[in-house]
1. Return the pair list, or none, for Cβ contacts closer than 7 Å from residues in the range 93-115 that are at positive phi to residues that are modelled with pLDDT under 80, at least 6 apart or on different chains.
2. Here is a list of conditions, (1) over 20 Å from Ala357 (Cβ atoms); (2) among the hydroxyl-bearing types (Ser, Thr, Tyr); (3) not in a helix (DSSP H, G or I), and Thr250 meets all of them except one; can you say which number that is?
3. List, please: which pairs have Cβ atoms under 6 Å, are six or more places apart or on different chains, and start with a residue in the range 286-299 that is closer than 19 Å to Lys259 by Cβ and end with one that is surrounded by fewer than 22 Cβ atoms within 10 Å (Cβ to Cβ)?
4. Does Ile372 qualify as being over 30 Å from Met634 (Cβ atoms) and crowded, with 17+ Cβ neighbours inside 10 Å?
5. Working carefully through the options Leu555, Leu648, find the one that is aliphatic (A, V, I, L, M), more than 16 Å from ligand 3 (Cβ to nearest atom), farther than 30 Å from Pro433 by Cα and modelled with pLDDT under 95.
6. Residues that are closer than 22 Å to Trp108 by Cα, among the hydroxyl-bearing types (Ser, Thr, Tyr) and buried (at least 20 other Cβ atoms within 10 Å of the Cβ): does the range 168-183 have at least one?
7. For the condition more than 16 Å from ligand 2 (Cβ to nearest atom) and in contact (Cβ under 8 Å) with a residue 40 or more places away in the chain, what is the one hit in Val613, Val584, Val568?
8. Tell me, which residue of the range 500-523 that is polar (S, T, N, Q) and more than 14 Å from Leu454 (Cβ to Cβ) is modelled with the highest pLDDT?
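The values are calculated or read from the model by the stated rules, or taken from the named source; none is laboratory data. Remember, it's a predicted structure, so these values are computed and weren't measured experimentally. We place every Cβ from the backbone using ideal geometry, glycine too, and count neighbours over all the protein chains shown.
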Amino acid sequence: MIYVIGYEVSALIFLLVVTVHFLSKPQFPSVQNRYFLIFLICGLLDISLDILGSIAISYAHNLPIGLIYVVNTVFYALQCAFPAMLLIYVWILTGNFVFSDLWRLSLWLLPLIIGEILLMGNYWTGWFFGFDDDGQYIRGLGYTLLYVATGFYVAVTFIYIHVQKRKLSTTQYRTVLAFLLLVLTALLLQYLFPHVLLTGVAIALAFTMMYFTFQNPGELLDAMTGVFNRSGMMLFIQDQLLKRQPFQVTVLAIDEMRKLNTLFGIPAGNEAICRVADYLQHVNVRSYIFRLAGDQFAVITFSAEDCRLLREEAQQRFSEPWSLLGVDVMLSCCICYIDCDDNIENEMQVLSHIESAVPLAKSRGKGTVLEIDASTLSQAQREFSIEQELREAVENDGLEVYLQPIYSMRENRFTSAEALLRFFHPTLGMIPPDQFIPMAEKSGLIVKIDELVLQRVCRWLREYDLCAAYGLDNIEINLSAVDFLQDKLAEKVIATIEKQRVDAQQLVFEITETAATVSHQALTRTMMKMCRRGVSFALDDFGTGYANITQVVHLPFALVKLDRSMLVSSMQSGSSAIVFEDTVSMIQHLGLKTVVEGVETQEQAEMLRSLGVDYVQGYCFARPQKFEDFLELMEQQRAALQAAEPQLLAGRAAE
Ligand code: C2E
Ligand code: CA
Ligand code: CA
């Protein structure tokens, strides 16, 4: 018989091109990838043997019979194994393939194994193919059995992808389905036109489809850095879990990437990312590097010792400058690492643990190193639920505003108070502002929160006539740096004050030192606008930030609040005491009033009085309290002052 081999030769050339393209890319170290390569090579061999076998049959008279038998037997063996190989490939794709589960594999491959054994005996039995007395090629009953075996594996694969649909991506599912349809069509055509070789065309098409949809190594590469990307990491972890090999994932999240881009420009930011990727690729431990997100890299190691070495090396490297486009820049990064063994169920779990831990590490400050363990995860979970609950509390007016009275050293009475937020949660308990305010700032919720505080304070000022009734000068309200990012902050605040019909002079807004140094121009404009309407400003937490006093001195502050930490250290060392005294004196010389926060003892209060500090705020005088308790305290103060007044008057008359 003369075969038409033109289609098969074209298919072979086509598949060879695809194979060369595949091999020219960096090879992804996964079972799926390695298996795909084997599968691809089997495809090439299958088509080659189909061509060679057919040529051998056509020229049977001129060739040794043994050679014709060998070529065709190997071809049939491969052809027969092909659908079973597809089943194993799909099995790997779903992530269900377990290496150690050999008995399950053998069970599924049993029909194939029997078929292959029978095929090996074909030279003697002639069950599959042979030659008649005239040397003509003839097919036996076994040949039809090959079709049955192929049909069996095609059917099993078809059912399997349906049952496991959830574990495959839509592209994978559709591509495998198309693969199966191609195989079936090719078999049918081959059966109808036995002399036209077609199966290779189906194989080449199927591989090309797989290659360009989800098997392309380029899809797993990060174009900018050349390391593998997030999808690559997911595949790699899936693989390690299947192998049941313990490993560690270390995530390095570069701090303040946005700031770097703003200060030095995007090209320098990109350069930083490439430098870090390059550095990680050359760390002296057995590892695989992945770019997880814009500013995050994941490094997978295979021993706790390597993981520790990596952390130490990275910390050391980040303590030195990086040369970015000719400029030396200090970078820092938070490091989170997780030990993955039996505690991990799947790759999604690893990703979700990382996604919970990285923001937690970032919230603890630059350069934080965090082990992702049960306690970290429950902490992250708590923070996540706090954020959700906080959002709900803001919507449902569930936050409380406390007032902490501020004591005037000159008048020896409370003349002001600071509004401080409180968040009580029925199950999570009391959540301190130091915990929820940074979260609210990050999510932007702080803008709404501070608006609510302002509204509440204005309402109290108006309804209880706090200033006139209790001799208070004002109430202080905290504003966050995020508030100042709003274009129309001044207009908004003024509108609220006017709407609530409150005298603007009864309000002082506290701005932290750090906020005062960010966006200086916008801040000055907003403050000036508000000052013109009568409100005043206090510089909060003085002594904790990086404020350059010459920078803040030009801002219209009326008060400076010295942070508790300054007071505490002034009581501990002589040199800190000198700094503290000089700071108080400098503020006084600038014509600003001083408030010292966190005064807890009588001794501190006496010291502050001797320095001429104007106001003090702290537990020694009064704690932050509910509005009702604050009112009661103000009533007591009023009564005490009224009781003291006749004596004062009598004293003056005697003079
Ligand atoms: P802050 O503005 O420095 O507020 C003073 C903090 O010192 C308050 O902490 C207060 O309870 C605490 N404090 C007062 N006296 C003493 C003392 O004698 N000893 C000690 N150890 N602490 C004392 P709190 O209420 O936990 O608030 C923490 C921070 O949260 C505030 O620091 C402020 O930055 C922020 N915050 C609170 N309420 C608001 C708000 O409504 N808006 C904004 N943007 N931030 C707020
Ligand atoms: Ca404050
Ligand atoms: Ca403060």
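1. Gly95/Leu242
2. Of (1) over 20 Å from Ala357 (Cβ atoms); (2) among the hydroxyl-bearing types (Ser, Thr, Tyr); (3) not in a helix (DSSP H, G or I), only one is false for Thr250: (1).
3. Here the result reads Asp295/Ile254; Asp295/Met257, each pair linking the range 286-299 to a residue that is surrounded by fewer than 22 Cβ atoms within 10 Å (Cβ to Cβ).
4. Yes, satisfied.
5. Result: Leu648 is the single residue among Leu555, Leu648 that is aliphatic (A, V, I, L, M), more than 16 Å from ligand 3 (Cβ to nearest atom), farther than 30 Å from Pro433 by Cα and modelled with pLDDT under 95.
6. no
7. Only one candidate qualifies: Val613.
8. Gln505
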